[in-house]
Amino acid sequence: ATMPPLLAAIAVAGRRGTLVKDVTVLEALAEVDAVVLDKTGTLTAGRPRVVRVTPLGGRPADDVLALAAAAEAGSEHVLGRAVRRYALDRGLELPEASGFAAVPGEGVRAVVGGTEIAVGRPELAGRPHPVLDDVVRELQRDGRTAVVVLADDQPAGVIGLSDEPRPGAGEALEALRRTVGEPEVLTGDAPTPARVLAGRLGLSRLRAGLLPADKVAVLRERQASGRRVLAVGDGINDAPLLAGADVGLVVGGPAGSGGGSDDEALGAGALSLQAADGVLTRDPLGSLAPLVELARRARRIAR
Ligand code: ADP
Ligand code: MG
């Protein structure tokens, strides 16, 4: 007798582009009183654009870009896709890469033309490099995400990427604030660009520079203080966060934000969904407050 309203709510949510795995997810959604949001691809549109390539260490900018794009060939991360797209749009020929490895929240590594290429967070440089650090800082002050390119562990360049807030993010967050509580941003990006974006969206609660495991640690703190936490992020780097949350929702269709074929959706896409309780396929931020309200209403009627 308790089932029909919750089942109906699954259908209503589905009509709005939110697919939840089962009625227990709606029950948990009715209880959430805290929300944590990933930045890249959640608060932002997830279509970062390369705005600058600064070569360091002698190679021309296009060579640095080609090496980075080649190393990112196997990456599902939006930053990796953006680097590849930009290189291909410039008509660059990408060398073959082998031995690809992605480290969630850090970046990627691959061997390109006999050189070990790493692309990822500035900390990968390992120690201070004054020129590289200056380029990184300047990009970050402008709200850009800075990604370093290392060749055999030596700085080869810095790539700056810009990602706009999702349209309507401000209103969506205001609704979420009223319905669930002050949203908290958990990001792997550096504090400066994270603060610039949060400022634009009127968000005051922010933790930056977090590795995927650090995000889980913050989640555990919230849960230890009695909060039922809704987490929203991408299914790749944020999988541990989504799995640990009271409700974890993944942004994008089954093939991630990049679309793709059915077979891709059933392969890599399916993996990215594994940790989540549901998928936000349309207007991911705008869907959240109405979804929680729907769940609360459905549960009230079911009782
Ligand atoms: P967010 O929490 O904003 O989603 P991630 O945890 O996905 O960020 O990544 C954190 C940081 O790690 C990025 O800002 C970037 O510097 C670096 N990074 C992760 N994956 C990649 C990649 N494929 N290419 C380049 N940089 C990456
Ligand atoms: Mg992410």
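Can you say whether Ala302 is buried (at least 20 other Cβ atoms within 10 Å of the Cβ) and at pLDDT 80 or above, as far as the supplied structure shows? Considered against the rule, which asks whether it is buried (at least 20 other Cβ atoms within 10 Å of the Cβ) and at pLDDT 80 or above, Ala302 comes out as no.
Among the residues making up the range 234-252, those that are farther than 12 Å from Val78 by Cβ and of a type in the set (A, V, I, L, M, F, W, C) are Ala239, Leu241, Leu242, Ala243, Ala245, Val247, Leu249, Val250.
State yes or no: is Gly248 of a type in the set (Gly, Ala, Ser), assigned by TED's automatic domain parsing to the domain that holds Glu31 and either part of a loop (DSSP other than H, G, I, E, B) or surrounded by fewer than 17 Cβ atoms within 10 Å (Cβ to Cβ) (or both)? So Gly248 fails the test.
The set of residues from the range 160-179 being more than 16 Å from ligand 1 (Cβ to nearest atom) and buried (at least 21 other Cβ atoms within 10 Å of the Cβ) comprises Ala172, Leu173, Leu176. Given the conditions (1) free of Cβ contacts under 8 Å to residues at least 60 places away in the same chain; (2) over 29 Å from Gly181 (Cβ atoms); (3) touching a strand residue (DSSP E or B) at 6+ places or on another chain (Cβ under 9 Å), report the number of the one that Pro60 does not fulfil. Unmet condition: (3).
The values are calculated or read from the model by the stated rules, or taken from the named source; none is laboratory data. Model, not experiment: these values are computed from the prediction. Quick reminder, even Gly has a Cβ in these numbers, built from the backbone with ideal geometry, and neighbours come from all protein chains shown.
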